[in-house]
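Some notes on the structure that comes next.
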Amino acid sequence: MKVIKAEYILSAAWQSQWPEESVPEVCLAGRSNVGKSSFINTMLSRNGLAKVSGTPGKTRTLNFFNVNDSLYFVDVPGYGYAKVNNKIKEQFGEIIETYLNNRKTLKCMILLVDLRHKPTRDDITMYEYVKYYNIPVIVVATKEDKVKRNDLKKNEKLIKETLGFHEEDYFVRFSSLKKIGMEKAWSYILELCGLEDNEA
């Protein structure tokens with residue numbers, strides 16, 4: 001998948017600020033320190049497009065990114081960060097819930113987890129939530145380059161078992177540093193968005 005155009009569109013705190021529904025959208029969710037911004041920058045071949053924050057949990061809006069004028073990446077607030085107070089956590093939940101329930105152009109969710117660790121309760125809750133609403137999921141296990149080769153399959157198995165992974169969903173081992181998993185992730189995204197490679 002060749003990314004010719006990638007641009008930040010807007011950050012939306014409220015539904016009224018969302019862009020008009022026009023192209024397929026891919027929602028990205030994960031813990032605050034899982035490497036979501038790095039994933040976006042790597043996939044879109046743009047350093048610094050999604051800001052890598054030194055303060056986990058800083059994203060408190062839906063951030064929309066235009067990709068080749070044919071789809072949007074939608075970055076939702078990171079979850080599981082202890083220093084964010086409960087009221088803000090509730091607002092995060094409301095923003096995400098409203099988006100997942102109401103966005104007709106949403107085609108799938110990319111759920112990012114850390115390949116080095118067992119998924120957290122928050123990861124499991126997010127996965128179960130999107131499955132309840134019949135939203136296709138691509139589980140992207142980040143930081144593949146930090147896992148010993150002999151542990152890759154074992155760690156993948158643990159993640160799938162912990163999440164209760166559905167076989168109709170997709171799983172990608174990913175490394176932003178080594179660009180591992182990019183092609184596989186793009187093939188799944190294009191399939192779920194109903195796009196051909198040359199369309200996107």
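Each value in this text was obtained by applying a stated rule to the coordinates, not by laboratory testing. Here the structure is a predicted model, which means the values were calculated and not measured. Using ideal geometry, Cβ is built from the backbone for each residue, glycine included, and neighbour counts are taken over all protein chains shown.
Between Lys179 and Leu158, what is the label-to-label distance in nm when each label sits 7 Å out along the Cα-to-Cβ direction?
3.0 nm
Determine ³J(HN,Hα), in whole Hz, for all residues of the stretch 26-43 in sequence, where each value follows from phi through the Karplus function 6.51 cos²θ - 1.76 cosθ + 1.60 and θ = phi - 60°; x replaces Gly and Pro.
Going residue by residue, I get 10, 8, 10, 9, x, 4, 4, 10, 7, x, 5, 5, 5, 4, 4, 4, 5, 5 Hz, with x marking Gly and Pro.
Around Ile9, which amide H atoms from residues at least 5 apart in sequence, or from another chain, sit under 5 Å from its own amide H, with H modelled in the peptide plane?
Here Phe64, Phe65, Asn66 satisfy the definition.
Just how large is the dipole of the chain about the Cα centre, in debye to the nearest 20, putting +1 at every Lys and Arg Cβ and -1 at every Asp and Glu Cβ?
Approximately 1100 debye in magnitude.
Compute the length gained on full extension between Lys51 and Val3: take 0.36 nm times their separation in residues and subtract their Cα-Cα distance, giving the result in nm to one decimal.
Using 0.36 nm per residue and subtracting the Cα-Cα distance, I get 15.4 nm.
Just from the alpha-carbon atoms, what are the Rg and Dmax of the chain in angstroms?
Both quantities, over Cα of the chain: 15.7, 49 Å.
Amide H neighbours of Arg31 under 5 Å, counting only residues 5+ apart in sequence or on other chains, H built in-plane at 1.01 Å?
Amide H neighbours of Arg31: Tyr79.
Just to be sure I understand the model, the point goes 7 Å from the Cα along the line to the Cβ. What's the resulting Arg116 to Asn134 distance in nm?
Rounded to a tenth, the inter-label distance reads 4.0 nm.
So how do 26-32, 166-172 stack up, highest first, on mean other-Cβ count within 10 Å?
The most tightly packed comes first, giving 26-32, 166-172.
Could you tell me the relative contact order of the stretch 6-193? Use alpha-carbon pairs under 8 Å, at least six residues apart, and round to a whole percent.
24 percent
Counting only DSSP beta bridges with both residues in the stretch 6-193, what percent are antiparallel, rounded to the nearest 5?
In the stretch 6-193, approximately 35 percent of DSSP beta bridges are antiparallel ones.
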